[in-house]
Amino acid sequence: MIRGVRGATTVKHNEQNEIIAESHKLLKDIIKYNQIEADDVASVYFTVTEDLNDTFPAKSLRKIEGWTYVPVMCMREIPVPGSLQKCIRVMVTICTDKAQKDIHHIYHNDAVQLRPDLKS
């Protein structure tokens with residue numbers, strides 16, 4: 001079965017190193033808490049708010065050993081007035097036998113406010 005694993009984080013600055021570092025931390029926790037192997041990943045999608053354009057957060061995935069062939073793509077979030085700024089969201093689609101309730105969605109930094117019901 002295919003399941004989606006969600007996550008999000010924020011950065012303080014529109015700066016390449018910070019965007020990649022925070023995206024990397026987020027991915028590492030998603031992988032760890034869901035025991036994900038690269039071969040079980042169908043795809044990874046990142047979105048960023050319109051105030052982040054210094055780099056692609058997908059570059060963070062390439063820093064993870066064994067994830068070279070995982071398909072990854074970046075897109076821009078819908079600019080909803082009043083929404084969380086400097087936010088990076090990710091959807092990792094995996095092949096798994098886990099039930100939906102057993103998936104651990106991960107939220108870091110100011111992004112915890114997006115899903116307070118899913119505290120990690």
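The values are calculated or read from the model by the stated rules, or taken from the named source; none is laboratory data. Here the structure is a predicted model, which is why all the values come from computation and not from measurement. Ideal geometry is used to build each Cβ from the backbone, glycine not excepted, and the neighbour counts take in all protein chains shown.
Hey, can you tell me all the residues within the range 82-107 that are touching an Asp or Glu at 6+ places or on another chain (Cβ under 9 Å) and either part of a loop (DSSP other than H, G, I, E, B) or under 21 Å from Trp67 (Cα atoms) (or both)?
Across the range 82-107, the qualifying residues are Ser83, Leu84, Gln85, Lys86, Ile88, Arg89, Ile94, Cys95, Thr96, His104, Ile106.
Taking Asn53, is it surrounded by fewer than 14 Cβ atoms within 10 Å (Cβ to Cβ), among the polar types (S, T, N, Q) and either farther than 12 Å from Thr9 by Cβ or touching a Lys or Arg at 6+ places or on another chain (Cβ under 8 Å) (or both)? Working first, answer last.
Numbers: surrounded by fewer than 14 Cβ atoms within 10 Å (Cβ to Cβ): yes; among the polar types (S, T, N, Q): yes; either farther than 12 Å from Thr9 by Cβ or touching a Lys or Arg at 6+ places or on another chain (Cβ under 8 Å) (or both): yes.
So Asn53 fits the description; yes.
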In the range 1-15, residues that are closer than 27 Å to Thr96 by Cβ and either free of Cβ contacts under 8 Å to residues at least 60 places away in the same chain or surrounded by 21 or more Cβ atoms within 10 Å (Cβ to Cβ) (or both) total 4
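Of a type in the set (Lys, Arg), at pLDDT 95 or above and more than 23 Å from Asp117 (Cβ to Cβ): which single residue out of Lys12, Lys32 fits that description?
Sole residue among the options that is of a type in the set (Lys, Arg), at pLDDT 95 or above and more than 23 Å from Asp117 (Cβ to Cβ): Lys12.
Quick check on this structure: which one of Ala111, Ala99 is small (Gly, Ala, Ser) and under 26 Å from Asp39 (Cα atoms)?
Values: Ala111 fails: under 26 Å from Asp39 (Cα atoms).
Result: Ala99 is the single residue among Ala111, Ala99 that is small (Gly, Ala, Ser) and under 26 Å from Asp39 (Cα atoms).
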Of Lys86, Lys63, the only residue that is surrounded by 12 or more Cβ atoms within 10 Å (Cβ to Cβ) and modelled with pLDDT of 95 or more is Lys86
Over the range 16-50, the set of residues surrounded by 19 or more Cβ atoms within 10 Å (Cβ to Cβ), in a helix (DSSP H, G or I) and hydroxyl-bearing (Ser, Thr, Tyr) is Ser23
Would you confirm whether any residue within the range 82-104 is more than 26 Å from Met1 (Cα to Cα) and among the basic types (Lys, Arg)? yes
